[in-house]
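Data block below; observations after.
Bear in mind that the values in this text are calculations on the coordinates, not laboratory data. Here the structure is a predicted model, which is why all the values come from computation and not from measurement. Cβ sites come from the backbone with ideal geometry, for glycine too, and all protein chains shown count toward neighbours.
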Amino acid sequence: MEALVAEYVNPGIETDPTALTEQSFEDLADRLPGWAAIPTEPDTVILEETGAMAADVRDVASEVMTDIFRFFGPTASLPPVAESQATVPSTWVAPDTAGYTVQAGWRVGIPAAGDEMLEFEVQASVVISPGSSSTAAGGVTLVQVDGSADGNGLGGNGVQVQLIDSVPYLFTVTLTAATSGGADEESDEDYLDRLASELALQSPRPILPDDFAVLARRVTGVDRALAIDLYKPVDVPYLGSPADSNRPRSVTLALVDDDGAAVSGGVKTAVDALLQAMREVNFEVWIIDPTYTTIDVSFTATAYPGYDAPTVQAAAEAAVEDYLSAATWGLLPYSDERVWVSDDKVRYLEIAEALNRVDGLRYVTALTIGPGGGPMGTTDVTLSGVAPMPVAGVVSGTVS
């Protein structure tokens, strides 16, 4: 049986203005029997101009697909092959032994095909010390100015090259090898065919801990997932207790819905089934609920003149409750991505910051925080569990 070869299929957008105009002529003739394109008639001229403008638009559209895939490829760890610059070692001989510096960026020409000369430049400055008349043999690396495969195989040991820049001293430049290492940028056609072939080899298999978290979000009902690497939860009797925090090839996932609440049993079962089917052999996957810690907050503050104190107080209490909300705990403040960055501290100063951002609140005069029903203080509160989440308890403020 003939092997199937994956290759990129171009959508084939017509961009020739003449072809587009002729198609318009044919369509109009089909719709209006007896109509014919007459070069001097306005309708013919209008269709010709429209065809030219449509060709410009379609030409841009034909390039968009290529640009999209050249952008997408690197995100799948399949970047196009970039051009590279050929290099070659060289020796520079000075006019005397007074001491000179071969400057980075000085350009030389190396003969190529026919009368063509390819430009190379000094990669890094090299000093010729006083008392010496030359650099070390091959001590100056020349690098191709415009990377391409055409820069390979030029020159050779003992070949003298020409200075292009106006250098203040009379140097003699000799190569000690042939140029090598140059490569052309991968063409769109070659890259898209290779991308299609290599993508066909890939399958969505979770390997890294975050891979499991990403795939868990495929299941309806999972808003965010936290992956805990090397962890086996305690409630696995046949593996023994207590929990193991250094178990190779184990990943435990904590799952929440869009309110930050633990997902239902059915959702956990669906996630487990999905990941068990996709995991590599010998990987262990466990599903747990987050651990919620109630946090109480008490504060007093002063409002700016002109603001209604009870309104500011209500807004301040709401700001604290928002900060402690499991729905947003662990989200990145600078991104819309639904990630869960684990954080086991409710920070005293962050609650103070949340209060200070409330419209109309001038300053905080007193603030204490603590675990629900426990002692209050002015230090951070540590949340419990391997997948910790806070819950707002009694949030009481007085604003005057």
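General observations
- The Rg/Rh ratio for the range 87-175, using Cα coordinates for both the radius of gyration and the Kirkwood hydrodynamic radius, is 0.96.
- For the range 146-160, backbone phi angles converted through the Karplus equation (6.51, -1.76, 1.60; θ = phi - 60°) give residue-by-residue couplings of 10, x, 5, 5, 5, x, 8, x, 9, x, x, 4, x, 6, 8 Hz, Gly and Pro being listed as x.
- Whole-Hz couplings from phi, Karplus 6.51/-1.76/1.60, listed for the range 106-117; x for Gly and Pro: 4, 10, 10, x, 10, x, 10, 6, x, 9, 6, 10
- The chain: calculated mean residue ellipticity at 222 nm from DSSP helix runs of at least 4, using -39500 (n - 2.57): -9000 deg cm²/dmol
- For the chain, the Cβ-based charge dipole about the Cα centre amounts to some 2480 debye (Lys, Arg positive; Asp, Glu negative; other atoms uncharged).
- Each residue of the range 164-176 was assigned a 3J(HN,Hα) from its phi angle through the Karplus curve 6.51 cos²θ - 1.76 cosθ + 1.60 (θ = phi - 60°); the sequence is 9, 5, 7, 8, x, 10, 8, 9, 10, 10, 10, 7, 10 Hz, with glycine and proline shown as x.
- Residue exposure sequence - Trp92, Trp35, Trp106 - by fewest surrounding Cβ within 10 Å: Trp35, Trp106, Trp92
- Most to least packed among 107-114, 370-377 [average Cβ atoms within 10 Å]: 107-114, 370-377
- Taking trypsin sites (Lys or Arg not before Pro) across the range 120-226, the ones in a DSSP loop with at most 13 further Cβ atoms lying within 10 angstrom of their Cβ are Arg218.
- With a simple spin-label model that places each label point 7 Å from the Cα along the Cα-to-Cβ direction, the separation between Arg205 and Ala183 comes to 2.6 nm.
- By the count of neighbouring beta-carbon atoms within 10 Å, fewest first, Ile287, Ile207 end up ordered Ile207, Ile287.
- Trypsin sites (Lys or Arg not before Pro) restricted to the range 339-400 and DSSP loop, no more than 13 other C-beta within 10 Å: Arg357
- By the Cα gyration tensor, the chain has an equivalent ellipsoid whose semi-axes, rounded to whole angstrom, run 60, 41, 30 from largest to smallest.
- Between the listed residues Ala262, Gln23, Leu142, the Cα displaced farthest toward the positive end of the dipole of the chain, a dipole computed from Cβ unit charges relative to the Cα centre, is found at Ala262.
- Computed over the chain with a Gaussian network model linking Cα atoms closer than 10 Å, the most mobile of Arg31, Arg70, Arg279 is Arg31.
- Reported to the nearest whole Å, the Cα centre-to-centre distance from the range 128-177 to the range 34-52 is 63.
- Separation in nanometres of the label points that stand 7 Å from Cα toward Cβ, at Ala124 and Ala277: 5.5
- Taking the Cα centre of the range 125-249 as origin and assigning +1 to Lys and Arg Cβ atoms and -1 to Asp and Glu Cβ atoms, the resulting dipole is close to 780 debye.
- The range 266-344: chymotrypsin sites (Phe, Trp or Tyr not before Pro) in DSSP loop, at most 10 other beta carbons within 10 Å: Tyr334
- Shape of the range 292-399, Cα gyration tensor, a/c cut at 1.5: oblate
- Near the amide H of Leu331, within less than 5 Å, lie the amide hydrogens of Val341, all on another chain or at least 5 residues away, with H placed in the peptide plane.
- Bins of 5 Å, starting at 0 and running to the largest distance - Cα pair percent for the range 111-261: 2, 7, 10, 11, 9, 7, 5, 5, 6, 6, 8, 8, 8, 6, 3, 1, 0
- Translational diffusion of the range 209-289, estimated by Stokes-Einstein from the Kirkwood radius over alpha carbon pairs at 10 °C in a medium of 1.306 mPa s, is 126 µm² per second.
- Given charges at Cβ of Lys, Arg, Asp, Glu: the chain dipole, positive-most of Val339, Tyr100, Pro168: Val339
- Residues whose amide H falls under 5 Å from that of Ala225, counting only those 5 or more places apart or on a different chain, are Trp340, with hydrogens built in the peptide plane.
- GNM remark for the chain: springs join alpha carbons under 10 Å apart, and the peak mean-square fluctuation among Thr141, Thr66, Thr293 falls on Thr141.
- Ordered by the number of other Cβ atoms lying within 10 Å of each residue's own Cβ, fewest first, Val222, Val399 fall into the sequence Val222, Val399.
- If R0 is taken as 56 Å, the Cβ-Cβ distance between Leu78 and Ala318 corresponds to a FRET efficiency of 0.75.
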